[in-house]
Amino acid sequence: PFPSCASLHSPPEAAAMAPKKAKAKAGKKEEPKKEEAPAKRKAEEDKTEEEPASKEAKKDDVPTPPLPPGQVGKVPEPEVEEKETDAPPDKGAAIKDPVIFNTVDTTLNLIPTLGGNVLATLTDGGMQYLIAGARANVGVKAGRYMFEAKVVEALTPFEGWGGRHQGPKPRQLLRFGFSTQNSPVVLGECEEAVYFDSEGAFCSGKKRSQVSQKFGRDQVIAVVLNLDPKSPNANTLSMFVDGKRVAQPQAIPESLHGKTLYPHVAFRNITLQVHFGPSPLKELPFKCRTVGGAAAKDVQVEKKQAAPKDGMYEVILPVGFPDEGTFDALDAWHAKNPGYTELSDRKILEWASQSGLWMARQQGWKSSNDKPNFNFGVAGMDDFSIRRSLNAISSAMPRNYVVMEVKQNLIEADRKEILKRFNAPCFKKVAEVTMGEPPADFKKQQQEKLLKDKQEKEDAMHKAKQADKLRKKTIALRHKEMEAAKKKAEEEAKAAAVEMKEGEEEKKEGEEVKKEGEEVKKEEETKMEVDQEGEKPKEAEAAETKKEEVKEEAEEKKEDAMEEDDEEDAEPPKAELTDEEKKLWFRTATTADIYGGHLDRVFMDFSIPQKSEGFDDIRFAWEKEAACKAYLHKKVAEKKRTCKLETVVPSEWFFTTLKEWQKVFGEWREKQTAAKPAATPEEERKEGEEEVVEKKEEETKADIMTVEDILNVDGAPIFKDWDMEDWALVQLRYELFLMQVAFKKDVNDEEHPGIHESNIGFYYSKYFRKQLNPKFFGVETIAELSALVADTVKWEAEIFGTPLTCEASDLAMFTRLTESCRRIRQRRLAAGDESARLKIEQVALQQPVAAAAVPLPVVGGFQKGGVVAPPRYGKGGGKNWGKGGHKGGRW
């Protein structure tokens, strides 16, 4: 009906032509319509006949109800009949105690408000990753009861920068259900609890099943525990959201049947309202009593919340020697003294694991039971912010604590710092000393754990052995199958060859039958030859078959023997304790309480606590105070024998004495050069021959040890005939002697026995800034090296010492000793004893660089001279490293 754009803008001629074209097109279109009209009319008639029948069929159909909003495309499921009935009126007495959360049954990051009805959680310093938990004080042991919860606030805390991973998901989480009295405070994979979570899952032990949709903020969630044996839903847990059932009754495990179950909630990054009644926030399809309005006969009330009689909460500091049952003793103490909250790194790791934080299993070499590595990959945990947060919270939250710090509880200064955190008048500070010989029950417990550890190792070894046997058996079976397949293929090929040969023979026989008598004779001769040739392969085949049968029998016997071995090794061997292990008081743990390097630095500061440090009481659990002090003194003395004192610093006296030695040592070598001109190889050979002739003359000379002037022995220095080996040995003598004297001065401990054999290389490097390598002196061990200078070094009970009584300033003594040994060695060589020949390398004469490490006063945060300065690079030295240098704090 509307004109086209072409007709509006075209000239009159074109406009006049347009109607004609339109008529032509219309004519062309009308022609087929005339042909199709009869067929179309027939189809319309058939359609009108079908309409009444379809209308009658629609009358019998039930109209589909409209879908509710938000459920487009989904057919609503038919409602399941509710089997729960209204609770009958109970004429018995109701509980009088209020339903609350005992402090001991809550985590440290939980903050109760409004009389405990609203629970909040801390969300900073690593707390945003940890789940808060709370268990009520009233437990249900019979009947059907409910409690409700409502999320009033959802929080999204900042998770910090620098973490390799994100925190556990979901960030906002709610778990609520029931648990036993001794279950962990954080609801998780525990056999002693059943609960629903905000993801719509039902959890029982390690089983988790999706039973409903998610729920969240501003919804009232009710959980119903049915322990009524007469109910069709007996021993089940049900969930309702805003008064409507969202999950069918879930059976609780049989292990919880007959036990008292307490309302339990756990959440993260939300604020939660918990309602115990007596009236519900949302009515259910049936009348159900709340835990707050329960009958007294159906519940059990725990009285843990009562404050101590004297109003004082205890702060216990366990004190024990490292690796002597410290944590095992603490676990045994916890079993006898429930209600104490432990503050330790192991509990932080346990809490993090329950909250879904993953940590790499591999621990660093510095990891220990006391201070394990935090390797979660999230900020707030790896930087130990969580530890600082817990220390701050615990001092402001009155409850009984156990502060488990193995190292800090043994050092007076660290103990004082811990006690400062608990200065509030409500805390009573107690030291619990577990040192010395433990009681018989603890020894028995340690023996049982030691046996268990050994059995686990045996089981692991047996498992690996069985796996190796199975692998070998599988390989053998596969090899056997391959051999069988190969044999089968060979037999098939052989059979095919025989068939082919027989066919050719039959064909040949048929052709030869047609020939005359001469050909018949020829055929008989050929047949005889074939029979003779066939007999040989048959004999060879029979021999081969017999050989294969023998081989198969041997393999079968071998397999039978392997199966018998498998039957014998079906069970792992039972571990048993040796006589030596039965005498042990403490088991050896796989991880040390304090890693070795740190223990060596701090053990000399260990002490028994005193009341003067700020303790209100000191308890000795195993032995009395005097025995504990004597035991600690003995353990420290034993540790001194083998430890490396990394805190020992060479004194100024040592460096001054060493510098004087290096100066005199250089002067002596110059005097030798001046007194003994360089000889040609021919002269050296003649000199060796003359030395043999002069052997008797040397024996008649005065004893070399009585020489006073070492620079004038028969008109020449005592070291005139020394070689490089002699100079290396005199230097080694003096360095070992000086190190032993300086160590005693620097340690300044009369009870310290000295340098242990295993640490001599460590201290030699510390004092002289070079390595003590026995191979430089042509030997393999420290013991062999000591034999080269036996007149200067001695060993007593693996402790390094010296038989010399001279002072370190008596440098001439070491030249006399060296010359005396040289002459003895020359005599042995002259007698043909080649074992006396030295194989010392030139590198053994390297000079120490300790002179650069003389300790001077600290200036600007650096110890001048105390540390060897790094090499300078570029023109600017320490100011400019390379081109850019180090300017203004930039590299």
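The values are calculated or read from the model by the stated rules, or taken from the named source; none is laboratory data. Since this is a predicted model, take the numbers as computed values, not measurements. Positions of Cβ are generated from backbone atoms using ideal geometry, with glycine treated the same way; all protein chains shown enter the neighbour counts. Please note that ligands, DNA and RNA were not included when accessible areas were found on the heavy atoms of the full protein model with its side chains. Shrake-Rupley method; radii C 1.70, N 1.55, O 1.52, S 1.80 Å.
Details
- Fraction of accessible area attributable to carbon and sulfur, the stretch 313-463 (%, probe 1.4 Å): 53
- Other residues whose C-beta falls under 15 angstrom from the C-beta of residue 846 contribute a net charge of +1, scoring Lys and Arg +1 and Asp and Glu -1.
- Contact order relative to length of the stretch 759-818, as percent, for alpha carbon pairs under 8 angstrom and 6 or more apart: 16
- In percent, rounded to a whole number, the relative contact order of the stretch 711-797 is 26, using alpha-carbon pairs under 8 Å and six or more apart.
- Residue pairs, from the table 488/508; 428/611; 744/794, whose Cα atoms sit over 19 Å apart: 488/508
- Taking chymotrypsin sites (Phe, Trp or Tyr not before Pro) across the stretch 751-788, none is in a DSSP loop with at most 12 further Cβ atoms lying within 10 angstrom of its Cβ.
- Farthest toward the positive end of the dipole of the stretch 622-662, out of 642, 626, 658, is the Cα of 626, where the dipole comes from beta carbon charges about the Cα centre.
- Pairwise FRET efficiency - residue 627 versus residue 417, Cβ, R0 = 25 Å, nearest 0.05: 0.35
- Accessible area per residue in Å² at 1.4 Å probe, computed on the stretch 386-426: 40
- Semi-axes of the equivalent ellipsoid for the stretch 605-675, Cα gyration tensor, largest first, Å: 53, 14, 7
- When the stretch 296-348 is described by a simple charge dipole with +1 on each Lys and Arg Cβ and -1 on each Asp and Glu Cβ, the residue from 320, 348, 338 located farthest towards its positive end is 338.
- Counting only protein heavy atoms and a 1.4 Å probe, the stretch 216-368 has 46 square angstrom of accessible area per residue.
- Which listed pairs, of 169/347; 371/444; 214/371; 582/640; 169/416, have C-alpha distances above 30 Å, in listed order: 214/371; 169/416
- 1.4 Å probe accessible area per residue over the stretch 694-836, in Å²: 48
- Net charge dipole size for the stretch 378-445 [Lys, Arg +1 and Asp, Glu -1 on Cβ; Debye, nearest 20]: 260
- Couplings for the stretch 707-713, taken from phi via the Karplus curve 6.51 cos²θ - 1.76 cosθ + 1.60 with θ = phi - 60°, read 5, 8, 9, 6, 8, 9, 10 Hz in order; Gly and Pro are left as x.
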